[in-house]
Every structure is written in structure tokens, then in C-alpha cells.
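The numbers here are math on the coordinates, done by the rules we state, and not lab data. This is a predicted model, so every value here is computed, not measured. Please note: Cβ atoms are built from the backbone with ideal geometry, for glycine as well, and neighbour counts cover all protein chains shown.
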Amino acid sequence: MAYNLLFDDKVLKDLKKIDAVWQKKILQAIKEKLPSHPYEGKKLVGNLSAFYRLRVGDYRVIYEIIDEEVTVVVIKIKHRKEVYK
């Protein structure tokens, strides 16, 4: 079963701050992995326990899985130094 992909409005701003080469790699990883295998990402803990993480180089894609709607919502894309702040 393929999940639908949705992007939070803030994600577009996050992407614009990233180098074009990495933008392409990140978007490719999202399109390849999240619709078909969203649970392969690492489940986060603490305040972020409702979310999962996809690692793409030094960048992290934070997303939420909504099973009732068969949807993956990408919440944040940032460098690993900034993403959990």
C-alpha cells in the first residue's frame, strides 16, 4: 500500500536554504522511500515521539505517519545540527 505524501508549508522554506544538489537528493530519497516504506525510518523519542526520521547525508527529514488517512506528512527538513532544536 502506497502512502500519500504531504509537505508542511515550512518545508518549502527549509528546502530553499539547502544547496540545489542536496535538495535533489533529499527529494529523491523522500519520493523513493516514504510512500512505500514509511516505517523504515527511525522513530524519534522524547518530545518528538510521534515522528520519524529519514537520514539523507547530513540532513534529516522529520515526518509523521497518519495511518487512518494513509498519509505521510513531511514536517521539517534541516541539517542534523539544527533539526532537533
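Taking loop as defined by DSSP and a crowding limit of 14 other beta carbons within 10 Å, which chymotrypsin sites (Phe, Trp or Tyr not before Pro) in the chain fit?
84
Please list the non-local residues whose amide H lies under 5 Å from the amide H of residue 71, H modeled 1.01 Å from N, same-chain partners needing a gap of 5 or more.
Those qualifying (amide H under 5 Å, at least 5 residues apart or on another chain) are 4, 66.
For a Förster distance of 35 Å, can you work out the FRET efficiency between the beta-carbons of residue 71 and residue 19, rounded to the nearest 0.05?
After rounding, the FRET efficiency stands at 0.75.
Which whole-number percent gives the relative contact order of the chain, counting Cα pairs below 8 Å spaced six or more residues apart?
34 percent
Please list the non-local residues whose amide H lies under 5 Å from the amide H of residue 56, H modeled 1.01 Å from N, same-chain partners needing a gap of 5 or more.
61
Report ³J(HN,Hα) in whole Hz for each residue of the stretch 5-19, in order, from the Karplus equation J = 6.51 cos²θ - 1.76 cosθ + 1.60 where θ = phi - 60°; Gly and Pro get x.
9, 10, 10, 5, 4, 5, 5, 5, 5, 4, 5, 5, 7, 9, 3
If the chain were replaced by its equivalent ellipsoid, with semi-axes equal to the square roots of 5 times the Cα gyration tensor eigenvalues, what would those be, largest first, whole Å?
Semi-axes (√(5λ), whole Å): 19, 15, 11.
Check residue 7: other-chain or 5+ apart residues with amide H under 5 Å from its amide H, H built from backbone geometry?
It is 74, by chain and number.
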